[in-house]
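**Student:** The structure that follows is given in the form of structure tokens.
The values are calculated or read from the model by the stated rules, or taken from the named source; none is laboratory data. From a predicted model like this one, the values you see are computed outputs, not experimental measurements. Using ideal geometry, Cβ is built from the backbone for each residue, glycine included, and neighbour counts are taken over all protein chains shown.
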Amino acid sequence: MILGISGSPRNQTTNYVLNNALEKLEAEGFKTVLFSVNGKKIGPCLHCDYCLENKECIQKDDMSELYKLLPIVRGIIMASPMHNGGISAQLKAVMDRCRALYAIDTNILGNKIGMSIALGGDRSGGQELAIQQINTFYIINGIIPVGGGMFGANLGACFWSQDSLDGIKKDDEGFKSLERTLNCFIKAYYQYMK
Ligand SMILES: Cc1cc2nc3c(=O)[nH]c(=O)nc-3n(C[C@H](O)[C@H](O)[C@H](O)COP(=O)(O)O)c2cc1C
């Protein structure tokens, strides 16, 4: 199963693109599940170290859904809107709260495939920095990061939303980068997940 995590606090362009990616994977025979932070309560990590002692997070909130899903899925797609040139605070909270999973087993997220999608209201609004941030999370947690290869996608899927659904639907280059990245993701999945 492939888990798509949308880091947007609202149900708009990020969810639209992520749903599109998951639909494409479903068409290729993958089972997928979407988790959006939209409408969810996920507090930031408190660094209380309760999880290191107790193997669970002290905060009981909507992260519980991800604590169940993350260990069992074989692939992860994190998608984020640009917020001040980087990922959203909501997606960062998800990443930091994974410390409680790491406390259970340092390789709990290991050997999964990960890809990234970044969307900005501006064409160059920090998308590549955000992808680097997501890929850094993947590397730290033993997740195998995939980009989209040269000539069109490079680090991953980058979108220019122009701050609207109409804008994102017109971003042919963005969808081209998504398609290339998904192809690399699928190739890596079959290479490493046998
Ligand atoms: C607090 C905030 C900061 C933002 N900062 C950036 C930015 O640095 N660069 C950019 O290109 N767009 C920025 N945007 C615009 C969003 O990234 C853009 O509208 C995106 O498509 C929103 O995704 P959503 O529709 O899924 O929420 C910002 C939006 C908000 C609310």
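**Student:** Just checking, does region 116-128 include any residue being crowded, with 21+ Cβ neighbours inside 10 Å, on the phi < 0 side of the Ramachandran plot, without any contact (Cβ under 8 Å) to a residue 60 or more places away in the chain and part of a helix (DSSP H, G or I)?
**Tutor:** yes
**Student:** Is there a residue in region 174-187 that is of a type in the set (F, W, Y), under 24 Å from F30 (Cα atoms), in a strand (DSSP E or B) and within 16 Å of the ligand (Cβ to nearest atom)? Write out each step before concluding.
**Tutor:** If we filter region 174-187 for residues that are of a type in the set (F, W, Y), which is where we start, we get 175, 185.
Filter once more, keeping what is under 24 Å from F30 (Cα atoms): 175, 185.
Narrowing further to those that are in a strand (DSSP E or B): none.
Within region 174-187 (the criterion being of a type in the set (F, W, Y), under 24 Å from F30 (Cα atoms), in a strand (DSSP E or B) and within 16 Å of the ligand (Cβ to nearest atom)), the answer is no, since none of the residues qualifies.
**Student:** For region 162-181, which residues satisfy the criterion of being within 24 Å of M95 (Cα to Cα) and in contact with a helix residue (DSSP H, G or I) (Cβ under 7 Å, 6 or more places away or on another chain)?
**Tutor:** Of everything in region 162-181, just one residue is within 24 Å of M95 (Cα to Cα) and in contact with a helix residue (DSSP H, G or I) (Cβ under 7 Å, 6 or more places away or on another chain), namely L178.
**Student:** Something else now. Go through region 53-92 and report how many residues are touching a helix residue (DSSP H, G or I) at 6+ places or on another chain (Cβ under 6 Å), on the phi < 0 side of the Ramachandran plot and of a type in the set (K, R).
**Tutor:** Looking only at that region, the number is 0.
**Student:** Separate question: Looking only at region 39-92, count how many residues are more than 13 Å from the ligand (Cβ to nearest atom), of a type in the set (A, V, I, L, M) and either in a loop (DSSP other than H, G, I, E, B) or exposed (fewer than 14 other Cβ atoms within 10 Å of the Cβ) (or both).
**Tutor:** The total comes to 7.
**Student:** Pairs only if they're at least six apart or on different chains, beta carbon under 7 angstrom, first in region 61-80 and closer than 27 Å to T13 by Cβ, second among the aliphatic types (A, V, I, L, M) and at pLDDT below 95; list them, first residue then second.
**Tutor:** What qualifies is R74/M193.
**Student:** Oh, and also: If I168 meets every condition in (1) part of a loop (DSSP other than H, G, I, E, B); (2) more than 24 Å from R74 (Cα to Cα) apart from one, which number is that one?
**Tutor:** (1)
**Student:** Right, another one. May I ask you to list the residues in region 144-162 that are within 16 Å of the ligand (Cβ to nearest atom) and either out of contact with any strand residue (DSSP E or B) (no Cβ under 9 Å at 6 or more places or on another chain) or assigned to a helix (DSSP H, G or I) (or both)?
**Tutor:** Q162
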